[in-house]
1. Please rank 39, 10, fewest neighbouring Cβ atoms within 10 Å first, as an exposure proxy.
2. Neighbour counts of other C-beta atoms within 10 Å: give me 31, 61 arranged from fewest to most.
3. Based on the alpha-carbon gyration tensor of the range 1-41, what equivalent-ellipsoid semi-axes (square roots of 5 times the eigenvalues) come out, in whole Å, largest first?
4. Test of understanding: ordering 8, 65, 52, 74 by Cβ neighbours within 10 Å, fewest first, what list do you get?
5. Run the numbers on the range 12-78 and let me know its relative contact order in percent, using alpha-carbon pairs under 8 Å that are six or more apart.
6. Using only DSSP helix segments of four residues or longer, with each worth -39500 (n - 2.57), what per-residue ellipticity at 222 nm results for the chain after dividing by its residue count and rounding to 500?
7. Please report Rg over Rh for the chain, where both radii come from the alpha carbon positions and Rh follows the Kirkwood definition.
8. To test your reading of the geometry: what angle, between 0 and 90 degrees and rounded to tens, separates the Cα axis of helix 26-40 from the longest principal axis of the chain?
Ligand code: SF4
């Protein structure tokens, strides 16, 4: 199983949050925060919260994937690798 596939099936390798983190790209952090905040109606998603190394690897996670994602929570509680 590819390590950078998230519990939900998203490809963390192509996620803007991970790309911004790996590149330390504050412009991409800002752009991503504005989009995600609007799409999810969560004003707490700000550029300084856009730091993530990936769903299933060690390291920092975004607030959504770390604390709010019901799929990740379910997968981890059941000891699976992915929802699939
Ligand atoms: S876990 Fe991180 S890298 Fe993966 S989809 Fe969520 S925010 Fe993006």
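All of the numbers you see were taken from the coordinates with simple rules; none came from a lab. The shown structure was predicted, so the numbers you read here are calculated from the model rather than taken from an experiment. Neighbour counts are summed over all protein chains in view; Cβ atoms, including those assigned to glycine, are modelled from backbone coordinates with ideal geometry.
1. Values: 39 9, 10 16.
The most exposed by this proxy come first: 39, 10.
2. Values: 31 15, 61 21.
The fewest-first ordering by Cβ neighbours comes to 31, 61.
3. Details: eigenvalues 81, 43, 4 Å².
Whole-Å semi-axes of the equivalent ellipsoid: 20, 15, 5.
4. Working: 8 16, 65 20, 52 25, 74 13.
Starting with the residue having the fewest Cβ neighbours, the order is 74, 8, 65, 52.
5. Values: 77 pairs, mean separation 17.1, N = 67.
Relative contact order for the range 12-78 comes out at 26 percent.
6. Values: 3 runs with 32 residues, N = 84.
When only DSSP H runs of four or more count, the value is -11500 deg cm²/dmol.
7. Details: Rg = 12.5 Å, Rh = 12.9 Å.
Ratio of gyration radius to Kirkwood radius: 0.96.
8. Result, in degrees: 70.
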